[in-house]
Amino acid sequence: MEKTLSIIKPDAVKKGVIGKIIDRFESNGLRIAALKKVWLSRQNAEAFYAIHKSRPFFKDLVEFMTSAPIVAIVLEGENAVAKNRELMGATNPKEAKSGTIRADFADSIDANAVHGSDSVENARIEIAQLFGSFEIL
Ligand code: GDP
């Protein structure tokens, strides 16, 4: 079964909407295969977002992702990557369709509530960065 990585970002954790976001996944056929609350180090966050290293927002993104704890989740289901992206909505919450997680819980393009892998291959890489195989059940 396809897997994807979701991260509930610091803004949403601080707002106390972890449960509401997880409900979106479970109500839409995505099973929680692994879940943990962690505080990323600068090194963790830089490695995770290495693909964006040369982008002008990289420094702010790393600052933001290390500013408070996050919740990392492995979701499993049919077309899990695409399904999660659909539930998340557009990167910029102002452009996110109503009823999506970002439309409902995000404040800005920086503090946009959730991360979701954008391909099956990236999901595999991202999951391995945050979880050991013994944690995925
Ligand atoms: P995602 O897959 O929808 O999360 O978007 P990307 O992988 O393209 O970007 C990763 C994260 O970097 C996004 O979730 C945003 O928080 C941030 N980001 C992306 N594009 C921009 C931008 O143009 N400006 C700023 N400030 N942040 C951005």
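The values are calculated or read from the model by the stated rules, or taken from the named source; none is laboratory data. Computed from a predicted structure; not experimentally measured. We place every Cβ from the backbone using ideal geometry, glycine too, and count neighbours over all the protein chains shown. Areas reflect the complete protein model, heavy atoms only, side chains present, ligands, DNA and RNA absent. Shrake-Rupley method; radii C 1.70, N 1.55, O 1.52, S 1.80 Å.
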Can you confirm whether Ser41 is among the hydroxyl-bearing types (Ser, Thr, Tyr), open to solvent by 60 Å² or more (accessible area, probe 1.4 Å) and out of contact with any Cys (no Cβ under 8 Å at 6 or more places or on another chain)? no
Given (1) under 21 Å from Gly29 (Cβ atoms); (2) open to solvent by 20 Å² or more (accessible area, probe 1.4 Å); (3) of a type in the set (Lys, Arg), where does Lys94 come up short, assuming only one miss? (1)
Residue count, segment 122-137 (criterion: more than 25 Å from Pro56 (Cα to Cα) and among the acidic types (Asp, Glu)): 1
If Lys36 meets every condition in (1) of a type in the set (D, E, K, R); (2) within 12 Å of the ligand (Cβ to nearest atom); (3) in contact (Cβ under 8 Å) with a residue 40 or more places away in the chain apart from one, which number is that one? (2)
Considering only residues that are among the hydrophobic types (A, V, I, L, M, F, W, C) and open to solvent by 50 Å² or more (accessible area, probe 1.4 Å), which ones fall in segment 98-137? Ile109, Val120, Ile125, Ala128, Phe134, Leu137
For segment 93-137, the count of residues that are without any contact (Cβ under 8 Å) to a residue 24 or more places away in the chain, away from the ligand (no atom under 11 Å from the Cβ) and within 26 Å of Gln43 (Cα to Cα) equals 6
Every residue in segment 48-65 that is under 15 Å from Ala128 (Cα atoms) and surrounded by 13 or more Cβ atoms within 10 Å (Cβ to Cβ), please. Phe48, Tyr49
Among the residues of segment 47-57, are any in contact with a strand residue (DSSP E or B) (Cβ under 6 Å, 6 or more places away or on another chain) and of a type outside the set (Ser, Thr, Tyr)? no
Does segment 64-81 contain any residue that is without any contact (Cβ under 8 Å) to a residue 24 or more places away in the chain and within 23 Å of Ile127 (Cβ to Cβ)? no
Does at least one position in segment 1-14 carry a residue that is free of Cβ contacts under 8 Å to residues at least 40 places away in the same chain, open to solvent by 20 Å² or more (accessible area, probe 1.4 Å) and under 15 Å from the mean Cα position of the chain (by Cα)? no
